[in-house]
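Notes follow once the structure below has been shown.
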Amino acid sequence: MQISIFSGSPRKTGNSSIIASKLEQEFTNLNNKVTCDIIKVSDLNIYPCTGCESCSNTSRCVIQDDMLEIYKKVQLSDVIVFVSPIYFGSITGQLKILIDRFQPFFAAKYLRKQPIIPSSNNKIASLIAVSGMDKQRFYENAQEIIKVFCINSNIKLGPGLYLGGVDYAGEINDKPLLKNKVSELAQLLID
């Protein structure tokens, strides 16, 4: 089983990074046949979608950057987890740029009628969002972005997790009940 965890935080040691590491540990503890990668989105060289519409004709993006590897990684993954702090009521800009670059998957499915990921797959995606404010609507907004990614990519949207009231860097370590929820989610995603 291949699992990709996309950590959307620009902070190297923030709550999202801690959660991504905890999740990786849980996945490998639950199943020794799991290969799990954490991809720190802020470390990638990714340019925003330019809206050139080249992918409408080819189902490929013309921008030559790290997204070429990300496309492959998503295609090979059984489970995809996005971990992001909430910035201004949604996922981080870094993660949003990555998701926007999945326009070729939309074009392949809806315009060319040749999906990159067939609909008969068992892939599942999830969102874990961390927020200083405890506002469920922020999670719902972020979840909608992941939902559109899933629809366009033929990936099932699985259970997610909202960790509200976690603000300063490392605060998740002071909240063992919330960290336990990450463990529970890991179990759900690989069952």
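Please treat every number below as a calculation from the coordinates, not as lab data. The shown structure was predicted, so the numbers you read here are calculated from the model rather than taken from an experiment. Heads up, the Cβs are rebuilt from the backbone with ideal geometry, glycines too, and the neighbour counts pull from every protein chain shown.
Data for the structure
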| item | result |
| --- | --- |
| All positions within segment 138-174 that are out of contact with any strand residue (DSSP E or B) (no Cβ under 6 Å at 6 or more places or on another chain) and closer than 16 Å to Ser17 by Cβ | Asp167, Tyr168, Ala169, Gly170, Glu171, Ile172, Asn173, Asp174 |
| Any hit, segment 140-162, residues being within 17 Å of Glu24 (Cα to Cα), of a type in the set (S, T, N, Q) and buried (at least 16 other Cβ atoms within 10 Å of the Cβ) | no |
| Residue check for Pro85: more than 20 Å from Gln143 (Cα to Cα), in contact (Cβ under 8 Å) with a residue 40 or more places away in the chain and not charged (D, E, K, R) | no |
| Subset of segment 82-132 (residues that are closer than 18 Å to Leu157 by Cα, surrounded by fewer than 20 Cβ atoms within 10 Å (Cβ to Cβ) and hydroxyl-bearing (Ser, Thr, Tyr)) | Ser90, Ser119, Ser120 |
| All helices (runs of 4 or more DSSP H) inside segment 85-179 with 1 or more residues being of a type in the set (S, T, N, Q) and over 17 Å from Cys61 (Cβ atoms) | 93-100, 136-153 |
| Where a residue in segment 133-162 is at positive phi and its partner, wherever it lies, is among the polar types (S, T, N, Q), with Cβ under 8 Å and at least six apart | Asn154/Ser119; Asn154/Asn121 |
| Of the criteria (1) in a loop (DSSP other than H, G, I, E, B); (2) among the aliphatic types (A, V, I, L, M); (3) under 30 Å from Thr13 (Cα atoms); (4) out of contact with any Leu (no Cβ under 8 Å at 6 or more places or on another chain), which one Val62 fails | (3) |
